[in-house]
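First the structure, in the form of structure tokens, and then the observations on it.
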Amino acid sequence: MGEALFALPQAPVIPVQGETAGYPVGRVFCVGRNYAAHAAEMGNEVDREAPFYFTKAAANAVLTDTVVPYPPGTENFHYEMELAVAIGAPVFRASPEAAQASVFGYCCALDMTRRDLQIRERQKQRPWDLGKDLENGTVLAPLTRAADWGSPAGQRIWLEVNGEIRQDASLDEMIWSVEEIICHLSGYYHLRPGDVILTGTPAGVGPVQGGDRMRGGVDGLEPVGLSLTAAE
Ligand code: MN
């Protein structure tokens, strides 16, 4: 390979609790509508036919406690608090056992969304990229290894804006479990270390403005935070 003409923005390296080496982000997959109450608030019916996904560029992700401007092109910028799972071993067409064994760890994440654009494009049956894959649009907190946290089993997931609680749910409300998601998604991708999967948001999504501070958590994991300044 020849020398590159220029350097590209780098995807973040997520700190890992209790370790010096971090986890480099390769790809970001997101599960849509994985909590029934959130699907309902978005005007959708839930089915158990199959999960669906969208992707966000890894270089558009940032680490927790970043301060970023209110993004361009939207008047309805929403938070979505999510549990993220990081893959730690290659897995393809995973069995349930292989899916479990492929998990490196978990972290808190924000799937920031230009809701007006997502809904507009959805209504026109167009892709969601303008709504979802925005710069600074994925926020990742430090990872905890699965061996040190366990697996999703009814832990509380919550988010507050300026200290007021907006999302408050339980991980056992997830329609598709982490294991089911990895089994399904690995039928379409050779999942590998660096792949981070955001597992969907519970009910209570809503808008934020310049000056707002978001903070979210999942029991037993490091919290995630994001602050907004005024639009550029
Ligand atoms: Mn989401």
- Failed condition for Ala37, given (1) within 13 Å of the ligand (Cβ to nearest atom); (2) in contact with a strand residue (DSSP E or B) (Cβ under 8 Å, 6 or more places away or on another chain): (1)
- assigned to a loop (DSSP other than H, G, I, E, B), at pLDDT 95 or above and in contact with a Gly (Cβ under 8 Å, 6 or more places away or on another chain): does that describe Pro193? yes
- Task: Output the residue which, of all residues in segment 77-115 that are farther than 17 Å from Thr144 by Cβ and in contact with a Lys or Arg (Cβ under 7 Å, 6 or more places away or on another chain), is farthest from the ligand (Cβ to nearest atom).
- Result: Pro90
- Item | Residue count for segment 29-56, restricted to those that are under 14 Å from Ala84 (Cβ atoms), open to solvent by 30 Å² or more (accessible area, probe 1.4 Å) and touching a helix residue (DSSP H, G or I) at 6+ places or on another chain (Cβ under 7 Å) | 1
- Note on the structure: Scanning segment 16-28 for residues that are in contact with a Ser or Thr (Cβ under 9 Å, 6 or more places away or on another chain) and assigned to a loop (DSSP other than H, G, I, E, B), the one least open to solvent (accessible area, probe 1.4 Å) turns out to be Val25
- When you look at Thr201, is it buried (at least 17 other Cβ atoms within 10 Å of the Cβ) and part of a loop (DSSP other than H, G, I, E, B), yes or no? yes
- Among the residues of segment 73-86, is there at least one that is open to solvent by 40 Å² or more (accessible area, probe 1.4 Å) and among the hydroxyl-bearing types (Ser, Thr, Tyr)? no
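Results for (1) in a loop (DSSP other than H, G, I, E, B); (2) among the small types (Gly, Ala, Ser), shown as yes or no for each residue.
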{"site": "Gly2", "(1), (2)": "yes, yes"}
{"site": "Ala7", "(1), (2)": "yes, yes"}
{"site": "Cys30", "(1), (2)": "no, no"}
{"site": "Ala40", "(1), (2)": "no, yes"}
{"site": "Glu45", "(1), (2)": "yes, no"}
{"site": "Arg48", "(1), (2)": "yes, no"}
- Message: Going through Asp195, Asp219 one at a time, which residue ends up being among the acidic types (Asp, Glu), open to solvent by less than 10 Å² (accessible area, probe 1.4 Å), touching a residue at least 12 places away in the same chain (Cβ under 8 Å) and closer than 20 Å to Thr144 by Cβ?
- Response: Asp195
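The values are calculated or read from the model by the stated rules, or taken from the named source; none is laboratory data. All values reported here derive from a predicted model rather than from experimental measurement. Cβ: placed from backbone, ideal geometry, glycine included. Neighbour counts: every protein chain shown. Protein only, heavy atoms only, side chains kept; ligands, DNA and RNA dropped before computing areas. Shrake-Rupley method; radii C 1.70, N 1.55, O 1.52, S 1.80 Å.
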